[in-house]
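Have a look at the structure below before the remarks.
A short reminder: the numbers here are calculations on the coordinates, not readings from a lab. Everything numeric in this text was worked out from a predicted model, so none of it was measured. Neighbour counts are summed over all protein chains in view; Cβ atoms, including those assigned to glycine, are modelled from backbone coordinates with ideal geometry.
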Amino acid sequence: MYSQIKGIRLVTGYACNYRCSFCYQDTYRGQWISRAELHAKLTNLPVPDSQIEYVTVMGGEAMCDPDAIDKLAYIAQRFKGKKLSLTTNGSGGFINDFYGAYKKYTEVMNLGYHLSISIPSAIPSEYSEMVGKDIQFSELMWLITQLNDDVDKIRINTYLHKNWWSTLLLAKQLGTEYTICCELREEKQAAFDDFTHLVNGFGILGNTPEIVRQTACETVYKDRDGFEFWLYKFVPGPGEDNLIVVPSHLLSDPNGLKRGIMW
């Protein structure tokens, strides 16, 4: 059952300060995983450490957890030498306090984490509408630019929707890495449902990419400027290579069950 596991997606809780229209979950509050349970789960994994290549921490918005930095420090020590990443909405757990967010993310990056910041649109008005909050988009851009200049560990993560291309142009402009996810709710999987539409969309921009690498879950593209980016699509079922570590009260969550083997 666990032989295909390559990485861990660690969900610390579902609480979040944004209300993204595309999110697969409906629960924006609730308990965070306790330090005791986190330690117990990561001490008794069903796979050997040698099998684990990467650990991704996520929520909800993991940075809303008052103990986020302490827990991230423990996880970094527990998986020393592995690829570590934090998926976040770029708020740092605040609303429009991007200097405070900068200080918190700097701590996280100094622990060895790569940041994957979810930006659903690079059109400011559309961004605020999609995340359900009135966000100072220029300040968010300042934050990403500062973090990317400090340490080259930033990835912009977006979702397939009608203006996905705006975030790709933003990533190229800022010099960040870039991933597109097909992780929308089924009923909100708007204009683009397959890889063909994606490639055709690049034709509109006059820069149709070539496929560099492809697996069941991931397609890596490179455009004529040499810019590489990833299209990631969840493939539920036995082929999933993630162990989903969640607080015990989320073990019955059907959304988690679709995205890997729950633990």
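Observations, loosely collected:
- For the residue pairs LYS104/LYS172; LYS6/LYS172; LYS41/LYS172; LYS133/LYS233; LYS71/LYS222; LYS6/LYS133, the C-alpha atoms sit more than 32 angstrom apart in LYS41/LYS172; LYS71/LYS222; LYS6/LYS133.
- Positive-end extreme of charge dipole, the range 1-132 - chosen from THR43, SER121, THR106 (charges on Cβ): THR43
- Working note: Cα atoms of the range 56-151, range along each principal axis, descending, whole Å: 41, 27, 20.
- Approximate spin-label separation GLU218-THR43, in nm, with each point projected 7 Å along Cα-to-Cβ: 3.2 nm
- One decimal place: the segment LYS83-ASN163 gains 25.7 nm when fully extended, by the rule 0.36 nm per residue minus the C-alpha distance.
- Highest mean first, the peptides 90-96, 58-64 sorted by other C-beta atoms within 10 Å per residue fall in the order 58-64, 90-96.
- Convex hull of alpha carbon positions in the range 20-100: directionally averaged projected area 6.7 nm².
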